[in-house]
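Heads up, the thing below is written out as structure tokens.
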Amino acid sequence: MRFLSTRGQTPPLGFSDAVATGLAPDGGLFLPETLPDFSSQLARFEKLGYAELCFEFLRVFATDIPPETLRAIIAKSYTAFRDPAIAPLKPLAQNLYVLELFHGPTLAFKDFALQLLGNLYDYQCAMRRETINVLGATSGDTGAAAIHGLLGKPGTAIFILYPDGRVSPLQERQMTCTGADNVFALAVDGTFDDAQTALKEIFGDQEFRLRHRLSAVNSINLARVLAQCVYYLYAWLRVPVIERRDVEFVVPTGNFGNVLAGWLLQQMGVPIRGFRVATNQNDILYRMFTTGEYRIGDVLPSLAPSMDIQVASNFERFIYFQVGRDPARVREVMATFKKTGAYRFENFDRGVFSASRCTDADIPGIIQRVYRDYGYIADPHTACGFAQINPERVSIVLATASPAKFPDTIKSAIGIEPTDPSLEALKKRPVVKHRIAATPAAIRAFVDARAVR
Ligand SMILES: *Cc1c(COP(=O)(O)O)cnc(C)c1O
């Protein structure tokens with residue numbers, strides 16, 4: 001299978017090259033050249049455990065990796081998950097389920113993709129007899145998940161920049177208490193945007209990039225989207241047959257990466273009824289799906305910080321389909337959006353999507369209500385999904401993080417402080433972080449000194 005850029009000015013690549021490249025050189029995002037149709041295989045898939053299902057799905061895309069190798073990479077990627085079901089689907093009430101996606105090593109759904117991506121990088125290093133240095137900036141969950149994807153892997157090093165004092169103490173511990181000598185957590189004197197700006201400049205320096213075989217970690221990698229399709233399929237297959245045609249997935253959303261994966265799966269012949277895009281007060285996607293206008297706003301820090309984004313970087317993949325798979329029109333939309341901060345779609349078809357938003361004023365009340373009505377503790381991101389449940393549909397709310405990652409918000413809402421043994425263990429380990437200025441020169445010097453060669 002080959003993969004095309006949404007902007008149409010990059011030659012098609014195979015799976016491994018598209019994964020290694022990340023962002024296409026023309027600025028676009030990779031998508032499969034054609035979407036396969038799984039509709040005739042669903043009965044067979046029903047009997048498979050999570051890792052086997054993942055293999056049967058991904059082998060259709062990763063055709064340049066020998067099947068037995070791919071199977072081993074996938075099996076290894078899901079061994080660090082603590083629930084035997086990997087993605088357990090739990091019934092809460094009539095027509096209401098929660099899909100728990102937080103049983104991976106960093107207790108958030110990003111582990112589903114980043115454990116796999118770490119092992120794909122590992123495989124590529126071994127195949128090409130090369131080393132790889134991964135560099136990224138994070139405002140929280142992505143950095144921790146990326147670090148745990150590459151932890152201790154020979155031939156790799158990972159450098160993650162984060163704004164000093166502006167990630168939660170537990171998130172910081174997940175990045176700085178690993179004890180691995182290929183992990184460098186860099187506490188930047190500045191904001192997340194300062195770190196991003198410095199990184200852009202570094203990635204623009206072709207010589208430096210090639211010298212260290214630098215790879216970016218970000219939310220637009222093709223492997224992340226495809227890995228995330230699998231838990232939608234797995235969950236849909238766990239619902240009783242008579243309910244399956246009515247399933248609406250409710251997805252706490254920031255960059256549109258998670259919900260896009262579900263929608264792509266539906267396009268591949270899985271009859272999912274709909275998706276709800278559940279945003280926090282950073283509601284660009286809520287406004288998009290209710291008005292047809294994609295307009296940038298200011299980022300307001302919120303109780304659900306992993307959804308505090310201004311521009312939904314994966315939305316371009318949806319735009320590609322919305323404009324009739326015409327890369328010239330994608331380029332036009334993205335150029336207008338970049339120049340004016342807005343784009344209004346004529347005849348926007350929201351299709352199977354609905355949207356909801358909730359502010360920080362709503363979140364504690366929702367956590368209380370969910371606890372009272374179902375005895376279930378939802379983290380602040382997941383709470384956004386519970387904002388507006390449609391009782392006519394079979395709703396599956398995606399629980400994107402463990403409540404134990406946000407003990408203060410939960411405690412002030414319901415008086416209970418959730419804990420997790422893995423987080424408790426972190427509190428006993430030494431913090432190893434490197435303070436650094438948010439300048440390209442300082443970051444370059446650090447990478448020069450510590451990169452794996
Ligand atoms: C990243 C993240 C989200 C948002 O996911 P997107 O793919 O950016 O929409 C939601 N919840 C949690 C806990 C996250 O870490």
Residue 304 meets each of (1) hydrophobic (A, V, I, L, M, F, W, C); (2) open to solvent by less than 60 Å² (accessible area, probe 1.4 Å); (3) over 30 Å from residue 271 (Cα atoms); (4) more than 16 Å from the ligand (Cβ to nearest atom) with one exception, condition (4)
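Working carefully through the options 135, 170, 161, find the one that is away from the ligand (no atom under 16 Å from the Cβ), more than 23 Å from residue 16 (Cα to Cα) and outside any loop (DSSP other than H, G, I, E, B).
The match here is 161.
Take region 237-258 and flag every residue that is in a strand (DSSP E or B) and within 16 Å of the ligand (Cβ to nearest atom).
At the first step, the residues of region 237-258 found to be in a strand (DSSP E or B) are 247-252.
Correct list: 249, 250, 251, 252.
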With respect to residue 186, determine if the residue is in contact with a His (Cβ under 6 Å, 6 or more places away or on another chain), open to solvent by less than 40 Å² (accessible area, probe 1.4 Å), farther than 30 Å from residue 87 by Cα and in contact (Cβ under 8 Å) with a residue 24 or more places away in the chain.
-> yes
How many of the residues in region 364-384 are open to solvent by 40 Å² or more (accessible area, probe 1.4 Å), assigned to a loop (DSSP other than H, G, I, E, B) and closer than 19 Å to residue 235 by Cβ?
-> 0
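Kindly establish whether residue 207 is part of a helix (DSSP H, G or I), away from the ligand (no atom under 13 Å from the Cβ), surrounded by fewer than 16 Cβ atoms within 10 Å (Cβ to Cβ) and touching a residue at least 12 places away in the same chain (Cβ under 8 Å).
Details: part of a helix (DSSP H, G or I): yes; away from the ligand (no atom under 13 Å from the Cβ): yes; surrounded by fewer than 16 Cβ atoms within 10 Å (Cβ to Cβ): yes; touching a residue at least 12 places away in the same chain (Cβ under 8 Å): no.
Answer is no for this residue.
Listed residues 355, 361, 387; which is in a loop (DSSP other than H, G, I, E, B), open to solvent by 10 Å² or more (accessible area, probe 1.4 Å) and within 16 Å of the ligand (Cβ to nearest atom)? Write out each step before concluding.
Details: 355 fails: in a loop (DSSP other than H, G, I, E, B); 361 fails: within 16 Å of the ligand (Cβ to nearest atom).
387 is the lone residue from the list that is in a loop (DSSP other than H, G, I, E, B), open to solvent by 10 Å² or more (accessible area, probe 1.4 Å) and within 16 Å of the ligand (Cβ to nearest atom).
Would you tally the residues in region 283-300 being open to solvent by 10 Å² or more (accessible area, probe 1.4 Å) and either under 20 Å from residue 109 (Cβ atoms) or within 15 Å of the ligand (Cβ to nearest atom) (or both)?
The initial filter retains those residues of region 283-300 that are open to solvent by 10 Å² or more (accessible area, probe 1.4 Å), namely 283, 286-287, 290-291, 293, 295-300.
Next, only the ones that are either under 20 Å from residue 109 (Cβ atoms) or within 15 Å of the ligand (Cβ to nearest atom) (or both) stay: 283, 286, 299.
Number of matching residues: 3.
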In region 401-425, which residue that is open to solvent by 50 Å² or more (accessible area, probe 1.4 Å) and part of a loop (DSSP other than H, G, I, E, B) is nearest to residue 86 (Cα to Cα)?
-> 419
Give the number of residues within region 259-279 that are open to solvent by 10 Å² or more (accessible area, probe 1.4 Å) and either assigned to a loop (DSSP other than H, G, I, E, B) or modelled with pLDDT under 95 (or both).
-> 3
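Could you say whether any residue in region 79-99 is assigned to a helix (DSSP H, G or I), among the β-branched types (Val, Ile, Thr) and open to solvent by 20 Å² or more (accessible area, probe 1.4 Å)? Break it down into steps so the answer makes sense when it comes.
If we filter region 79-99 for residues that are assigned to a helix (DSSP H, G or I), which is where we start, we get none.
Taking every residue of region 79-99 in turn, none turns out to be assigned to a helix (DSSP H, G or I), among the β-branched types (Val, Ile, Thr) and open to solvent by 20 Å² or more (accessible area, probe 1.4 Å).
Okay, residues lined up against (1) of a type in the set (Val, Ile, Thr); (2) within 16 Å of the ligand (Cβ to nearest atom); (3) buried (at least 24 other Cβ atoms within 10 Å of the Cβ):
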| site | (1), (2), (3) |
| --- | --- |
| 74 | yes, no, yes |
| 101 | no, yes, yes |
| 106 | yes, yes, yes |
| 110 | no, yes, yes |
| 115 | no, yes, yes |
| 124 | no, no, no |
| 129 | no, no, no |
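The values are calculated or read from the model by the stated rules, or taken from the named source; none is laboratory data. This one's a predicted model, so the numbers in the text were calculated from it and none came from an experiment. Every residue, glycine among them, receives a Cβ derived from its backbone with ideal geometry; neighbour counts consider all protein chains shown. To get the accessible areas, we keep the full protein, side chains included, count just its heavy atoms, and leave off ligands, DNA and RNA. Shrake-Rupley method; radii C 1.70, N 1.55, O 1.52, S 1.80 Å.
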